[in-house]
Amino acid sequence: MFNEKLGAIRDFYSIGERIFTSGQPTPDQIKTISEAGFEIVINLSPSSGLDAIPNEEELVRGAGMGYIHIPVDWQNPKREDLEKFFVLYSRHEYHLIFVHCARNMRVSAFIFLYRIIVKGESQQDCMKDLLAIWKPDQTWQQFIDRMLVEVKKPIDSKDWDVEWTGYTSFQP
């Protein structure tokens, strides 16, 4: 799956054969993501974020992929955003998903928490992938620590109290 074109995307990082993350791709790189076989793009950056593409949803859909947007405030990440991510990522994990934000920092934190809370992977194993992207600052480290205590995987993802407004569902 990994090729040089994907590797050229800002802060691209892959974990195993199913988790692919990056910073903000360019419009041309959205085509590259589609050509690599991805079916869904999840964007965690606000629409006004660093290098955001105003018509990203249109470009992603035009390339034949589904688009999910969960704008996460850099200065104030919220539990609700993380839970939305968990539910939407889990419900579509049988698809090949590409997750990005501005610099792969929000994403790396969310994927770190997903792997531990939802997938039950060890914190030690997941930490090396998080640290390969960045060392979380105080705001994000506090968020991560709090989420590791507060958020538990329910028996069924429908049990998460997630409000479904503010995102675009997968529609190929």
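The values are calculated or read from the model by the stated rules, or taken from the named source; none is laboratory data. If you're wondering where the values come from, they're calculated on a predicted model, not measured in any experiment. With ideal geometry, Cβ positions are generated from the backbone for all residues, glycine too; neighbour counts draw on all protein chains shown.
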Scanning the range 32-45 residue by residue, those over 12 Å from GLY64 (Cα atoms) and not hydrophobic (A, V, I, L, M, F, W, C) turn out to be ASN43, SER45
Number of the condition not met by LEU88 [criteria: (1) modelled with pLDDT of 95 or more; (2) under 29 Å from ASP145 (Cβ atoms); (3) not hydroxyl-bearing (Ser, Thr, Tyr)] = (1)
State all residues of the range 60-107 that are aliphatic (A, V, I, L, M) and touching a strand residue (DSSP E or B) at 6+ places or on another chain (Cβ under 8 Å); if no residue qualifies, say none.
-> VAL60, MET65, ILE68, ILE70, LEU88, LEU96, ILE97, VAL99, VAL107
Selection from the range 32-73 of residues that are under 22 Å from ILE144 (Cα atoms), in a loop (DSSP other than H, G, I, E, B) and modelled with pLDDT of 95 or more | LEU44, SER45, PRO46, ILE70, PRO71, VAL72, ASP73
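For (1) in contact (Cβ under 8 Å) with a residue 24 or more places away in the chain; (2) surrounded by 15 or more Cβ atoms within 10 Å (Cβ to Cβ); (3) of a type in the set (Ser, Thr, Tyr), each residue gets a yes or a no:
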| site | (1), (2), (3) |
| --- | --- |
| ILE15 | yes, yes, no |
| ILE30 | yes, yes, no |
| VAL41 | yes, yes, no |
| LEU44 | yes, yes, no |
| SER47 | yes, no, yes |
| ASP51 | yes, no, no |
From the list GLN24, GLN29, pick out the single residue that is within 19 Å of ILE68 (Cβ to Cβ) and not in a helix (DSSP H, G or I).
-> GLN24
Tell me, yes or no, whether the range 67-81 has at least one residue that is among the hydroxyl-bearing types (Ser, Thr, Tyr) and either over 14 Å from the mean Cα position of the chain (by Cα) or under 20 Å from ILE133 (Cα atoms) (or both).
-> no
With the first residue restricted to the range 106-131 and required to be over 25 Å from ARG10 (Cα atoms), and the second required to be at pLDDT below 95 and not in a helix (DSSP H, G or I), Cβ contacts under 8 Å at 6 or more apart or on different chains are ILE117/VAL151; ILE117/LYS152; ILE117/LYS153; VAL118/LYS153; GLY120/LYS153
